[in-house]
Structure formats: structure tokens, C-alpha cells
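**Q** Have a look at this one.
The values are calculated or read from the model by the stated rules, or taken from the named source; none is laboratory data. Not measured: the values here are computed from a predicted model. Ideal geometry is used to build each Cβ from the backbone, glycine not excepted, and the neighbour counts take in all protein chains shown. Note: accessible area is taken over every heavy atom of the protein model, side chains too, but ligands, DNA and RNA are not part of it. Shrake-Rupley method; radii C 1.70, N 1.55, O 1.52, S 1.80 Å.
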Amino acid sequence: MSDQDKQTSSDGFGPLIERRYWIEFQQPQKSAAEIMGYIQRNIDEFSPKALADFEKAEGSERKLRPGDEFHITILGPWNGDVRVLEVSDSQFKLETLEGHPEAGEITFSIEPVELLDNALHFEIRSLARSRDGLVAVTYDKLGVGKKAQEITWVQFCQRVCEFAGGEAIGDVQVRTLYEEDLDHRTKAEAENQ
């Protein structure tokens, strides 16, 4: 494991942003664990290389483990590194490292769709801030980074569905919540408990 420092959301600039991208699909030809295992070993096959090219910098090529690191060549002037925090049969979580355009974490997960037989829900969820003011302006104000990121994760979700051999239930869904919305949601969730 490198000695590169993690870059947590509290290290970042601007509002905390939750971004979610998900797809649901039915009749997959592979189990959720098979799909997730393959993604964990071959993340680079799901991400469009022109926008975000993943290269494993540290760790075994055969298995994803906490502490493994990836270098991501990102379209535009910024590249970044991430480290694996958690791994299970149904998810894995990455944290951004110093110099990445974002400061925070991103989780990739798969689970059964609650109300449908033989259907799966694949989701990418990030919780992060921009690394600094320049990234914040480029991402949010100019929209350049935001659009490239959305295209990357939408295509990633579509490729997961294709790999699974399933039939998509609608389009890839995208949702962005800013810190003030997250605060309201967290308070509402706490009141309902």
C-alpha cells in the first residue's frame, strides 16, 4: 500500500454531494455474486477508457482486497488515485487519495430488487466534495466534469447490465443531492426512527 494520504470529504472544497447512478435489470444470466466478483477483478472493462481508465497500481490482479490501489486516467487535466476500503460479495468501496479531483468515497453495489423476482439493482454511489475551488468551478459551474462523470457512470451501469445478460428495466437513473438536501434527508430519516 502506498503512503499516499487519503483525501476525505472533510478535506475537500464546497458542498458535500451525493451522486447515485443505478440500473435495474431482470432475468440476468449470472448471479449477483458472479457479477460483482467479475466487476471487482475487471473494473477497467466497465468504465469507458476515454473518460476514466482504471489501472491497478497495487494489489493482486486476481482479487480485489482492502488496500489495493488504482490509478485513474481521467479525461481532462486531472487524474487521480483511489484505494479500496471494503470488499464483499455484493459491494466494494473506494476512497480518493491526495490529488484526486474529488475528496470522498464511492461504493459499487448489487442487490436483488425487492418487489421483482429474478431482478437485480446495480448502483454506484459517491459521497464527496470537490478537491479544491478550481475543480468545483470546472465541475459545477462550467459543468464539464459533471457531464463526463455522468457519462462514465451511466455507461458503466449499462455495461454491467450487458455483462449480466439481463434485460434493463428502464434507463439508468441518476440522482444528485447537495449537502443541504442531504441534511434534510438525514433529519427526516432520524425523525422516522
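**Q** Output the residues belonging to the stretch 105-121 that are open to solvent by less than 20 Å² (accessible area, probe 1.4 Å) and within 11 Å of the chain's Cα centre (by Cα).
**A** 108
Listed here are the residues, each with its yes/no results for (1) among the charged types (D, E, K, R); (2) over 16 Å from the mean Cα position of the chain (by Cα).
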| residue | (1), (2) |
| --- | --- |
| 5 | yes, yes |
| 17 | no, no |
| 39 | no, no |
| 50 | no, yes |
| 70 | no, no |
| 73 | no, no |
| 81 | yes, no |
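**Q** Considering the stretch 79-106 alone, what residues qualify as being assigned to a loop (DSSP other than H, G, I, E, B) and small (Gly, Ala, Ser)?
**A** Selection gives 88, 90, 99.
**Q** For residue 50, only one of the following conditions fails: (1) closer than 22 Å to residue 35 by Cβ; (2) loosely packed, with under 13 Cβ neighbours inside 10 Å. What is its number?
**A** Here residue 50 meets the rest and fails (1).
**Q** Could you list, in sequence order, the residues of the stretch 21-43 that are under 27 Å from residue 58 (Cα atoms) and either part of a helix (DSSP H, G or I) or charged (D, E, K, R) (or both)?
**A** Across the stretch 21-43, the qualifying residues are 32, 33, 34, 35, 36, 37, 38, 39, 40, 41, 43.
**Q** Let me ask something additional. Might you let me know whether the stretch 1-20 holds any residue that is crowded, with 16+ Cβ neighbours inside 10 Å and aromatic (Phe, Trp, Tyr)?
**A** no
**Q** Mind checking which residues of the stretch 27-47 are open to solvent by less than 50 Å² (accessible area, probe 1.4 Å) and not aromatic (Phe, Trp, Tyr)?
**A** The answer is 28, 32, 35, 36, 37, 39, 40, 42, 43, 47.
**Q** Right, another one. So in the stretch 122-133, with the set limited to residues that are charged (D, E, K, R) and surrounded by fewer than 22 Cβ atoms within 10 Å (Cβ to Cβ), which one is nearest to the chain's Cα centre (by Cα)?
**A** 125
**Q** I need the full set of residues from the stretch 100-125 which are among the acidic types (Asp, Glu) and over 22 Å from residue 75 (Cβ atoms), in order please.
**A** Listed by number, the residues that qualify are 111, 114, 117, 123.
**Q** Restricting to the stretch 53-78, give me the number of residues that are of a type in the set (Phe, Trp, Tyr), out of contact with any Ser or Thr (no Cβ under 8 Å at 6 or more places or on another chain) and either part of a strand (DSSP E or B) or loosely packed, with under 14 Cβ neighbours inside 10 Å (or both).
**A** Of the residues in the stretch 53-78, 1 are of a type in the set (Phe, Trp, Tyr), out of contact with any Ser or Thr (no Cβ under 8 Å at 6 or more places or on another chain) and either part of a strand (DSSP E or B) or loosely packed, with under 14 Cβ neighbours inside 10 Å (or both).
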